[in-house]
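Here is the structure we will look at, set down as structure tokens.
Values quoted throughout were computed directly from the atomic coordinates according to the rules given, and no laboratory measurement underlies them. The shown structure was predicted, so the numbers you read here are calculated from the model rather than taken from an experiment. Note that each Cβ is placed from the backbone with ideal geometry, even for glycine, and that neighbours are counted across all protein chains shown.
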Amino acid sequence: MKKSILALGLCTVFAASAQAANWGYEGEHGPEHWGEFASECANGKNQSPVNIESATDADLKDLQFDYEGKVISLLNNGHTLQTSLEGSNTLKVDGKAFQLKQFHFHTPSENHVDGKEYPLEAHFVHADEQGNLAVVAVFFKLGESNSTLAKLLQNIPSKDQNIAIKVPFDADALIPSDKEYYRFSGSLTTPPCSEGVRWLVLKDVQSISPEQVKQFANVMGENNRPIQALNARVILENQ
């Protein structure tokens, strides 16, 4: 049953959702109503995003990124801006290989750290051969313009439009060089909110200019699910 639920979540993340007309981020289609058609959004006990605080020191193994491919296009699916990739892009976690399927963005950030919200968060979504998911989250803080994001934002697609990137760039271009991280068990942050997702939130923060934040926000609006209860979960961190 768990694998079938994750497979359902995988389909939702990787393709346009059949329920796209039924959910959004405000009004009668907002997060407080998602549970009306996706029960796990309302009844799940390990939901994402979370506020990361009081993390427990742990002997976590280093994340092993082996991204060899390129980012080749950008899709506006009506909920977020989402990339498409080519080539082999692998993350090794718990001795398993997870393939990078796409990464997408949220304004402002969905996860918080000690109550702090960031203007942008990227989610790198990976899956293993059984359909289990691992999401690497990267925060962006206000500062200098980000040259990699500038390549993405050269041609911003309209809703339901997929645009080729003029200058494809390395899949790992937005991954910080310092890969210390927080880890917890969570869920998809969009319907069907399937649980069993490995969340790996990088501590190092990338830079983004106010104008670039505005460009994302103009397209996506505020597409962040509210913080969810941690319940009995423990957040781990490596040093």
Looking only at the stretch 149-183, and only at residues there that are hydrophobic (A, V, I, L, M, F, W, C) and out of contact with any helix residue (DSSP H, G or I) (no Cβ under 8 Å at 6 or more places or on another chain), the one that is surrounded by the fewest Cβ atoms within 10 Å (Cβ to Cβ): 164
Test: residue in the stretch 64-72 that is under 15 Å from residue 201 (Cα atoms), more than 13 Å from the chain's Cα centre (by Cα) and surrounded by fewer than 16 Cβ atoms within 10 Å (Cβ to Cβ): yes
Failed item, numbered, when residue 84 is tested on (1) part of a strand (DSSP E or B); (2) out of contact with any Leu (no Cβ under 8 Å at 6 or more places or on another chain): (2)
Residue list for the stretch 104-148, restricted to those being among the charged types (D, E, K, R), surrounded by fewer than 19 Cβ atoms within 10 Å (Cβ to Cβ) and farther than 23 Å from residue 94 by Cβ: 114, 116, 117, 141, 144
Boolean, residue 87 is free of Cβ contacts under 8 Å to residues at least 24 places away in the same chain and out of contact with any His (no Cβ under 8 Å at 6 or more places or on another chain): no
Candidates 195, 211, 222 - the one that is buried (at least 16 other Cβ atoms within 10 Å of the Cβ), acidic (Asp, Glu) and at negative phi: 195
